[in-house]
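Data block below; observations after.
The values are calculated or read from the model by the stated rules, or taken from the named source; none is laboratory data. Only a predicted model underlies this, so the values are computations on that prediction, with no experimental measurement involved. Ideal geometry is used to build each Cβ from the backbone, glycine not excepted, and the neighbour counts take in all protein chains shown.
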Amino acid sequence: MTIDEKIFEEPEGEEWVEEVLTNKRRAELKKFAEKIGVKFKHIKTLHVALTHKSYANEFEPRIKYNERLEFLGDAVLGLATATYLFEHFTHLKEGELTKTRSGIVRQSTLTRVAEEIGLDELLLLGPTELAFGRGRNSNLEDALEAVIGAIYLDCGWEVARDYVFRQFGAEFERVKVTGIPKDYKSKLQETIQSQPPKKLSYAELSASGPDHSRTFEAAALIDGKIFGRGVGRSKKAAEQEAARAALEKMGILN
């Protein structure tokens with residue numbers, strides 16, 4: 001079994017079918033591929049990467065969607081980012097490299113990149129998700145990771161690595177100038193401690209998604225009132241995003 005067959009292998013107990021691409025959709029995807037500088041051998045791989053589960057659920061039998069590619073792309077993005085940092089930030093220690101990588105691939109960055117390349121317009125969503133709008137952060141983050149997974153699957157490691165290097169080049173350059181990304185939770189804690197008797201706490205608002213790719217939403221509360229909300233792949237990441245949002249609301253971050 002080839003790697004693409006493994007990735008798209010149908011889970012037991014589910015009946016899946018290949019969706020027939022319209023000429024319009026195929027043309028849109030080819031235009032997008034040219035825009036990001038990637039030549040796909042199989043454009044259907046990109047189509048699956050941009051198909052949300054809520055859209056697939058509208059069909060019977062169900063068509064293939066992007067969760068498995070998202071899982072793959074998350075790993076590829078992490079490895080490509082780690083490779084760049086290892087090669088270009090030789091002065092950083094292991095712990096500093098880890099913090100820097102986390103700061104680069106956080107949800108706010110992935111969402112912004114996804115919007116910049118137009119994934120919000122290309123992502124196929126079902127009615128349940130469209131109710132939240134096309135710009136829902138978790139969907140855009142997942143879609144970008146799925147696209148990276150599709151590039152790796154269709155074109156190989158070197159093409160996927162180079163794409164990440166290009167797409168996140170501005171983030172790498174920013175880190176060279178500003179240093180290791182801020183720990184927003186620590187910054188918020190220091191701010192609140194300087195303003196007694198205010199108290200800071202965090203609350204988990206929700207958790208969703210499959211076990212291998214959970215998405216958490218957290219809130220930063222000051223004296224029991226929500227000052228910021230954040231979403232992330234772990235509770236800690238969600239709290240970091242919530243702390244960042246709270247600092248922005250307080251005018252401490254621009």
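Some observations on this one:
- Residue within segment 40-53 that is touching a helix residue (DSSP H, G or I) at 6+ places or on another chain (Cβ under 9 Å) and over 25 Å from GLY156 (Cβ atoms) present: yes
- Residue check: GLY156 meets all listed conditions (1) within 28 Å of PHE40 (Cβ to Cβ); (2) touching a helix residue (DSSP H, G or I) at 6+ places or on another chain (Cβ under 9 Å) but one, namely (2).
- Candidates are the residues of segment 50-83 that are of a type in the set (Ser, Thr, Tyr) and outside any helix (DSSP H, G or I); the one that is nearest to THR178 (Cα to Cα) is THR51.
- Single residue of VAL175, VAL147 found to be β-branched (Val, Ile, Thr) and within 13 Å of LEU77 (Cβ to Cβ): VAL147
- Residue count for segment 166-175, restricted to those that are over 16 Å from the mean Cα position of the chain (by Cα) and in contact (Cβ under 8 Å) with a residue 40 or more places away in the chain: 3
- Filter result for GLU241 (surrounded by 15 or more Cβ atoms within 10 Å (Cβ to Cβ), part of a helix (DSSP H, G or I) and not aromatic (Phe, Trp, Tyr)): yes
- Within segment 87-112, tally of residues that are over 16 Å from the mean Cα position of the chain (by Cα), part of a loop (DSSP other than H, G, I, E, B) and surrounded by 14 or more Cβ atoms within 10 Å (Cβ to Cβ): 2
Yes/no matrix, rows are residues, columns are (1) modelled with pLDDT of 90 or more; (2) part of a helix (DSSP H, G or I); (3) more than 13 Å from the chain's Cα centre (by Cα); (4) buried (at least 18 other Cβ atoms within 10 Å of the Cβ):
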residue: LEU85; (1), (2), (3), (4): yes, yes, yes, yes
residue: GLU121; (1), (2), (3), (4): yes, yes, yes, no
residue: SER138; (1), (2), (3), (4): no, yes, no, yes
residue: ASP142; (1), (2), (3), (4): yes, yes, no, yes
residue: ALA146; (1), (2), (3), (4): yes, yes, no, yes
residue: ILE151; (1), (2), (3), (4): yes, yes, yes, yes
residue: ASP154; (1), (2), (3), (4): yes, yes, yes, yes
residue: ASP162; (1), (2), (3), (4): yes, yes, yes, no
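- Test for GLY133: is it outside any loop (DSSP other than H, G, I, E, B) and either crowded, with 19+ Cβ neighbours inside 10 Å or modelled with pLDDT under 90 (or both): no
- If you go through segment 164-201 and pick out every residue that is out of contact with any Leu (no Cβ under 7 Å at 6 or more places or on another chain), more than 23 Å from THR98 (Cα to Cα) and outside any helix (DSSP H, G or I), you end up with 6.
Residue-by-condition table, conditions (1) of a type in the set (D, E, K, R); (2) in the same structural domain as GLY135 (by TED's automatic domain parsing); (3) closer than 30 Å to ALA146 by Cα:
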residue: SER194; (1), (2), (3): no, no, no
residue: ALA203; (1), (2), (3): no, no, yes
residue: SER208; (1), (2), (3): no, no, yes
residue: HIS212; (1), (2), (3): no, no, yes
residue: GLU217; (1), (2), (3): yes, no, yes
residue: ALA242; (1), (2), (3): no, no, yes
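- Residue identified as within 21 Å of SER213 (Cβ to Cβ) and at pLDDT below 95 among THR100, THR111: THR111
- Filtered residues of segment 225-237 (kept if in contact with a helix residue (DSSP H, G or I) (Cβ under 8 Å, 6 or more places away or on another chain) and either at pLDDT 90 or above or of a type in the set (A, V, I, L, M) (or both)): PHE227, GLY228, ARG229, GLY230, VAL231, ALA237
- Count of segment 238-254 residues, restricted to those that are in contact with a helix residue (DSSP H, G or I) (Cβ under 7 Å, 6 or more places away or on another chain) and charged (D, E, K, R), is 3.
- Sole residue being β-branched (Val, Ile, Thr) and under 22 Å from GLU241 (Cα atoms), chosen from THR128, THR111: THR111
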